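Note sheet for the following structure.
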Amino acid sequence: MGMPLPVEDHLITMQRDLKRALAKEPGHVRWTMVIDLARCIGCHACTIGCVAENKLPPGVVYRPVVEEELGRYPDVRRRFTPRPCQQCQNPPCTKVCPVTATYKNAQGVVVVDYDRCIGCRYCLVACPYNARTSDFGEWYVKGTAMAEGKLVGREKAGQGYEATPAAEYGRQWPVRGQGSPMGNARKCHFCLHRLAVGLLPACVTTCVGRATYFGDRNDAASLVSELLGSPRLRTLKPELGTQPAVYYLN
């Protein structure tokens with residue numbers, strides 16, 4: 001008998017799905033994420049990849065991984081649940097914003113206009129998934145010699161990685177410390193800046209266990225559409241009627 005054909009890496013499949021989605025009109029695309037909890041190993045690679053991609057400061061996390069211990073001794077196990085913004089199709093956060101700084105875009109992603117946000121944090125309280133954080137302008141190098149500019153031959157704070165503008169939402173922010181988004185609410189946005197140039201979200205590509213799937217649920221041929229038909233499918237807090245675009249496989 002011949003050797004079995006190799007199984008295609010899901011990243012290749014999703015990259016092909018993404019290319020098809022980007023050829024469509026934006027209003028015809030509905031970005032969706034599916035997370036297989038049976039595959040998640042709790043490595044937090046997605047969290048770190050997100051921090052690096054979006055240059056997140058201390059206290060700002062877009063994709064935490066919640067760890068739980070289930071069962072009773074000696075039958076005990078651990079469960080890891082990545083919890084990005086659920087990109088609700090009926091988002092409570094948009095309803096409480098007094099300046100309409102947060103809204104749902106044409107592709108179903110809830111975004112924040114950082115130039116409009118006034119930092120009232122109403123949206124943080126309204127979100128039932130704790131998916132939003134505030135940017136208080138913290139620095140990882142605070143209190144170190146680098147922050148004080150004392151390291152010879154090294155970049156001073158304000159010139160290095162932490163101060164580099166993030167390409168979030170497809171635009172370059174000003175140098176950190178000189179304006180928005182400091183003082184504002186921040187959240188996961190499915191790496192819209194990466195999608196715009198044909199790249200999958202950072203959390204998808206860094207997932208060690210290939211537990212995170214992404215694509216257009218309006219594309220019947222996409223991998224996420226296939227997964228949405230699984231009997232293992234569920235959403236977080238469905239009783240709230242928020243209609244998340246992030247699904248989980250038990």
**Request:** Considering only residues that are in contact with a Ser or Thr (Cβ under 7 Å, 6 or more places away or on another chain) and touching a residue at least 40 places away in the same chain (Cβ under 8 Å), look in the stretch 87-110 and name the one that is nearest to Tyr248 (Cα to Cα).
**Result:** Cys88
**Asked** What pairs come up if the first residue lies in the stretch 115-132 and is of a type in the set (A, V, I, L, M), the second is in a loop (DSSP other than H, G, I, E, B), and their beta carbons are under 6 Å apart, counting only those six or more places apart or on different chains?
**Response** Ile118/Val99; Ala131/Cys85
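Residue-by-condition table, conditions (1) among the aliphatic types (A, V, I, L, M); (2) more than 15 Å from the chain's Cα centre (by Cα); (3) surrounded by fewer than 20 Cβ atoms within 10 Å (Cβ to Cβ):
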position	(1), (2), (3)
His189	no, no, no
Pro201	no, no, no
Val204	yes, no, no
Cys207	no, no, no
Asn218	no, yes, yes
Val224	yes, yes, no
Arg232	no, yes, yes
**Message:** I'm trying to understand the selection: among the residues of the stretch 169-183, which are assigned to a loop (DSSP other than H, G, I, E, B), surrounded by fewer than 20 Cβ atoms within 10 Å (Cβ to Cβ) and not aromatic (Phe, Trp, Tyr)?
**Reply:** Arg171, Gln172, Pro174, Val175, Gly177, Gln178, Gly179, Ser180, Met182, Gly183
**Prompt:** In the list Gln172, Gln87, which residue meets the criterion of being modelled with pLDDT under 95, of a type in the set (S, T, N, Q) and closer than 30 Å to Gly215 by Cα?
**Reply:** Gln172
**Asked** Only one of (1) in contact (Cβ under 8 Å) with a residue 60 or more places away in the chain; (2) under 27 Å from Glu162 (Cβ atoms) is not met by Leu18, so which one is it?
**Response** (2)
**Prompt:** Out of the residues in the stretch 94-128 that are touching a Cys at 6+ places or on another chain (Cβ under 7 Å) and of a type in the set (Ser, Thr, Tyr), which is nearest to Leu192 (Cα to Cα)?
**Reply:** Thr102
**Request:** Could you tell me which of the residues Val76, Val66 is farther than 30 Å from Ala196 by Cβ and β-branched (Val, Ile, Thr)?
**Result:** Val76
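The values are calculated or read from the model by the stated rules, or taken from the named source; none is laboratory data. Keep in mind that what you see is a predicted model, and the values were worked out from it rather than measured. Reconstructed Cβ throughout: ideal geometry from the backbone, glycine too, with neighbour counts over all protein chains shown.
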